[in-house]
Amino acid sequence: DQKQPDKAIEVLVATARIPENAKSGVAAESMVKAADILLADKADIEHAMERYEEATDLARFLTDEERRQQVLEVCYFRLAEYAFQNKKWAVALEFYTLLRKNGTTLNVLPRMMKCQAELGMDPDAYARGESELAFIRKKIAENPGTYAAAEGEVFLADHDLTAALAQGRSSASLQRCAAAYADILKRYPPAILAEFHLHSYILVQLGRSQ
């Protein structure tokens, strides 16, 4: 019955958007289930990805670390694979990177190396760090005001956020990260930020920096 998955999605999304369900984990897990149904039963990939993005945002309210990691594992992987299949190499690389930082046991290194190759990066640049950052800065300078530049700025902001979180969530460094994401949202037009849900991704990262 076509109405059954539609009803299930409606109930799950409504459940996920009840504020009281956020900390318990019900919200994030319900949103993941809604996304799974959209993907498997409805073949509605675009809306499924939007629900996975919402679930990553809801996951930050989870106090149970294991359940939070499980939600993020599913979401990051789905979003990374979708970007990879659509040849959005920078976005895919960002999500695969988040997946690894989340402690995944999945072997995503070959995917990451493919993304780097398509972006023209040295395969060893990820490990060396500074070479990768220099490459991204060059791309931003060469493509001002474009989606490629916005992607690059987000990549650099992600790099700073990762460093800030690794240092124990220093309030000053996290505030600088939050300001960087907010500045990207302010400077780039909605049409560019709408490409491949970059706006939603930035909001997720902004939430992690607060």
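The values are calculated or read from the model by the stated rules, or taken from the named source; none is laboratory data. Everything quoted here is computed from the prediction, not taken from an experiment. Counting neighbours? That spans all protein chains shown, and the Cβs are built from the backbone with ideal geometry, glycine included. Each accessible area value is taken on the protein alone, full model and side chains, heavy atoms only, with ligands, DNA and RNA left out. Shrake-Rupley method; radii C 1.70, N 1.55, O 1.52, S 1.80 Å.
Here are a few things to note about the model shown:
- Across the stretch 93-109, not a single residue is classified as open to solvent by 20 Å² or more (accessible area, probe 1.4 Å), modelled with pLDDT of 85 or more and among the β-branched types (Val, Ile, Thr).
- The helices (runs of 4 or more DSSP H) found entirely in the stretch 1-90 that carry 1 or more residues being within 22 Å of residue 104 (Cα to Cα) and of a type outside the set (Gly, Ala, Ser) are 26-40, 45-59, 65-85.
- Residues in the stretch 60-76 that are touching a residue at least 12 places away in the same chain (Cβ under 8 Å) and either of a type in the set (S, T, N, Q) or touching a helix residue (DSSP H, G or I) at 6+ places or on another chain (Cβ under 6 Å) (or both): 60, 62, 63, 68, 69, 71, 72, 74, 75, 76.
- Screening 169, 176 for residues that are modelled with pLDDT under 85, out of contact with any Leu (no Cβ under 6 Å at 6 or more places or on another chain) and either more than 22 Å from residue 117 (Cα to Cα) or loosely packed, with under 13 Cβ neighbours inside 10 Å (or both) leaves exactly one candidate, 169.
- The set of residues in the stretch 185-210 that are part of a helix (DSSP H, G or I) and more than 18 Å from residue 56 (Cβ to Cβ) comprises 186, 187, 190, 191, 192, 195.
- Any chance residue 58 is closer than 16 Å to residue 201 by Cα and either of a type in the set (S, T, N, Q) or out of contact with any Pro (no Cβ under 9 Å at 6 or more places or on another chain) (or both): yes
- One residue stands out in the stretch 181-200 among those that are aromatic (Phe, Trp, Tyr) and modelled with pLDDT of 85 or more: the one that is surrounded by the most Cβ atoms within 10 Å (Cβ to Cβ), namely 181.
- Check on residue 141, in contact with a Pro (Cβ under 8 Å, 6 or more places away or on another chain) and either surrounded by fewer than 14 Cβ atoms within 10 Å (Cβ to Cβ) or modelled with pLDDT under 80 (or both): no
- Subset of the stretch 22-53 [without any contact (Cβ under 8 Å) to a residue 12 or more places away in the chain and of a type in the set (Val, Ile, Thr)]: 26
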